[in-house]
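Heads up: the structure comes next, in structure tokens.
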Amino acid sequence: MALNCSNNSRFLSGFGVRVFPQPGKLEFDFARLIMFLRWLEATILDFGDEMHKVYMWIWSSGDLGLRLLWHILHLILSTWYFIIGLMGSVESFLISSGLFKRYRDLDISKVQYLAVAIDSDEALQTLKVLELLRWLEAIGLRKVCLYDTAGVLKKSKEALTLLLKNERMSSETASDPLVEEKCLSLEVISFSDGKQAVAKAADVLLKKHYLSSNTEKPKLTESDMTDALGAIGYREPDPDLMLIYGPARCHMGFPAWRIRYTEILHMGPLKSMKIGALIKAIHRYTMVHQNYGT
Amino acid sequence: MENKTDTLAVRLFGSSISYMRKSLFRILSVGPIPNHIAFILDGNRRYAKKRNLNEGMGYRAGFLSLMTLCKYCCELGVKYVTIYAFSIDNFKRKPHEVDAVMDLMLEKIQGMLKEESIVSQYGVRVYFIGNLELLNEHVRQAAVKAMEATSNNDKIVLLICVAYTSTDEIVHAARESCEAKRARVRSSGAREGNEEELKVVDIERHMYMGVAPDPDILVRTSGETRLSNFLLWQTSNCVLYSPRALWPEIGLRHLVWAVLNYQRVFPLLERRRKQM
């Protein structure tokens, strides 16, 4: 700016115009006015250039600023989940040590059928899955459905059932008549038992109602679909409660036909599963009241 | 004179809030923004009871929340918004309750058809998803008219599920695929047609929700954790979020929290989507 001012004075004096006009010299006023306006224009343009430079700097570093703010938001979110995780660990420790009466008197009969959906990568930890099944059996559940997208649990189903049976045999006396009743019945399904099963059932309906009969527009109902699914081997009841073990709260493609009114709870990753959290989830389910749309 | 300054102050305050919200959305836009968000509008009747209002007012308050949330979604850059307005199960409610909801729906749909409505202002394309045959004549005709009237809007798509349940949608899609297959068999000759089985893509082609991609986030208000027969087929890879607030109490903070959670698990969801 200083350089510009001295340039301008030199510019003005170059035209024979004194920078500080004398009073009474009217003949030079008009030319001086034009000079002044030109000087003003040049100053404004220079100022505009400066502003443009500052604006571009804000814009480019503003982008960095936005990224920083975004990372800060996610850091706050992660800190929040960390704190929640710590509180959850303390709470499950207290629950598993029997401190809370309401969790001791759990009405397990309300959970007729439990589904557990596990992320396929985490389902590879067979020992963890076995421990989970052991806990479910200890709590008193009798019918459990295990699900994972890729079918990993289907491969380890035999091993799991065998290990559970062995443990039961070794821990109970041979003459115990109630051994069979205490068995955990296990159903294991994967992604192919969802959408593809519905397609196969539709195929069954096609052959039964459309290709063989002459009725112009057969009226297919939901019970026809349920019967068709039963005909191809899917006769298990709908789960009352579904527990999700995985990084995201998402049912990962569990068969759509069966989760109409199922309560869905996210338990976190399988490696940090806790029995206290399991008991709390089941207790929460027993307190829920469903209207079924009415 | 005082009224004028008040209005000016209120306007300035409003536009500064709006500016802060847009800045927040700019920050969120650094990460992936969901393309499709679905909402289950649960808790209107509980809200009315809580505030000692009659039930009709609960639904109206819910409608205001819906408009606000659609505006936020539009500003954020969400392309599809689906709402669960009325389930087939809801027909089991008392007749006067069903009538009240139907009357409100008719009023709001007719409001959409006006030039100066929010729908035209924000460029919203409306679809009515569900078994529209179950609705009464007036509502059905108004719905069809609204779909036609907004067919040229392209900023955001609003899918309103009325007389909808996921199981009904699946059965309808199965029925349509069977009829299409039978027509193909009859026209091309029995030998060719019988060898091909119905596939998942055939069923998906006839789904009511085929006009939109699968949702990325599903929000159910009032803290309930079930899907209640909503989008069961389409939510294989969708983040479920259940804030405890009732639907008329839902606000910007819930939307921002849902989007942040979605951004957190986005890489995992993308990987799963490619595997499926």
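The values are calculated or read from the model by the stated rules, or taken from the named source; none is laboratory data. It should be emphasised that the depicted structure is a prediction, and the values quoted were computed from it without experimental measurement. Please note: Cβ atoms are built from the backbone with ideal geometry, for glycine as well, and neighbour counts cover all protein chains shown. These accessible areas exclude ligands, DNA and RNA; they are computed on the full protein's heavy atoms, side chains included. Shrake-Rupley method; radii C 1.70, N 1.55, O 1.52, S 1.80 Å.
Going by the conditions given, is residue B:223 surrounded by fewer than 18 Cβ atoms within 10 Å (Cβ to Cβ), in a loop (DSSP other than H, G, I, E, B) and either touching a residue at least 24 places away in the same chain (Cβ under 8 Å) or more than 9 Å from every other protein chain (Cβ to nearest Cβ) (or both)? Against the criterion (surrounded by fewer than 18 Cβ atoms within 10 Å (Cβ to Cβ), in a loop (DSSP other than H, G, I, E, B) and either touching a residue at least 24 places away in the same chain (Cβ under 8 Å) or more than 9 Å from every other protein chain (Cβ to nearest Cβ) (or both)), residue B:223 qualifies. When segment B:79-110 is filtered for residues that are aliphatic (A, V, I, L, M) and without any contact (Cβ under 8 Å) to a residue 12 or more places away in the chain, only B:98 remains.
Considering the conditions (1) charged (D, E, K, R); (2) within 9 Å of another protein chain (Cβ to nearest Cβ); (3) farther than 20 Å from residue B:165 by Cβ, residue A:260 is excluded by exactly one of them, (3).
Based on what the data block shows, is residue B:146 more than 10 Å from chain A (Cβ to nearest Cβ) and in a helix (DSSP H, G or I)? Criteria met by residue B:146.
In segment A:154-171, the residues that are closer than 20 Å to residue A:120 by Cβ never reach a residue that is open to solvent by 90 Å² or more (accessible area, probe 1.4 Å) with C-beta atoms less than 6 angstrom apart, at least six apart or across chains. Taking the criterion of being in contact with a Pro (Cβ under 6 Å, 6 or more places away or on another chain) and at the interface with another protein chain (Cβ under 10 Å from one of its Cβ atoms), the residues of segment A:193-240 that qualify are A:194, A:209.
Exactly one residue among B:33, B:37, B:17 is of a type outside the set (Gly, Ala, Ser), open to solvent by 40 Å² or more (accessible area, probe 1.4 Å) and outside any helix (DSSP H, G or I), and that residue is B:33. Figure legend. Inter-residue proximity from segment B:25-52: first residues aromatic (Phe, Trp, Tyr), second residues surrounded by 15 or more Cβ atoms within 10 Å (Cβ to Cβ) and in a strand (DSSP E or B), beta-carbon distance below 6 Å, spacing 6+ or different chains. Indicated pairs: B:39/B:83; B:39/B:219.
For segment B:227-252, residues that are within 9 Å of chain A (Cβ to nearest Cβ) and outside any loop (DSSP other than H, G, I, E, B) total 3.
Kindly indicate the residue of segment B:93-143 that is hydroxyl-bearing (Ser, Thr, Tyr) and over 23 Å from residue B:61 (Cβ atoms) and also nearest to the chain's Cα centre (by Cα) among those meeting that condition. By that ranking, first place goes to B:127. Would you mind stating whether residue A:243 is more than 8 Å from chain B (Cβ to nearest Cβ), in contact with a Leu (Cβ under 6 Å, 6 or more places away or on another chain) and not β-branched (Val, Ile, Thr)? Against the criterion (more than 8 Å from chain B (Cβ to nearest Cβ), in contact with a Leu (Cβ under 6 Å, 6 or more places away or on another chain) and not β-branched (Val, Ile, Thr)), residue A:243 qualifies.
Checked against the criterion of being out of contact with any helix residue (DSSP H, G or I) (no Cβ under 7 Å at 6 or more places or on another chain), more than 14 Å from every other protein chain (Cβ to nearest Cβ), part of a strand (DSSP E or B) and open to solvent by 40 Å² or more (accessible area, probe 1.4 Å), segment B:72-83 has at least one qualifying residue. Say whether the condition of being open to solvent by 20 Å² or more (accessible area, probe 1.4 Å) and of a type in the set (Ser, Thr, Tyr) is met by at least one residue in segment B:175-186. Looking for residues that are open to solvent by 20 Å² or more (accessible area, probe 1.4 Å) and of a type in the set (Ser, Thr, Tyr), one finds none in segment B:175-186, hence no.
Does residue A:188 satisfy the condition of being open to solvent by 10 Å² or more (accessible area, probe 1.4 Å) and either not polar (S, T, N, Q) or not in a strand (DSSP E or B) (or both)? So residue A:188 fits the description; yes. The helices (runs of 4 or more DSSP H) located wholly in segment A:84-171 that include 2 or more residues which are surrounded by 14 or more Cβ atoms within 10 Å (Cβ to Cβ) occupy A:126-139, A:152-155, A:157-171.
Would you point out the residue of segment B:46-71, among those that are closer than 26 Å to residue B:239 by Cα and among the basic types (Lys, Arg), that is nearest to the other protein chains (Cβ to nearest Cβ)? Among residues in segment B:46-71 that are closer than 26 Å to residue B:239 by Cα and among the basic types (Lys, Arg), the one nearest to the other protein chains (Cβ to nearest Cβ) is B:46.
All conditions in (1) surrounded by 14 or more Cβ atoms within 10 Å (Cβ to Cβ); (2) at pLDDT 90 or above; (3) more than 14 Å from chain A (Cβ to nearest Cβ) hold for residue B:119, with the sole exception of (2). Determine whether residue B:211 is closer than 30 Å to residue B:249 by Cα and open to solvent by less than 40 Å² (accessible area, probe 1.4 Å). Spelling it out, it is not the case that residue B:211 is closer than 30 Å to residue B:249 by Cα and open to solvent by less than 40 Å² (accessible area, probe 1.4 Å).
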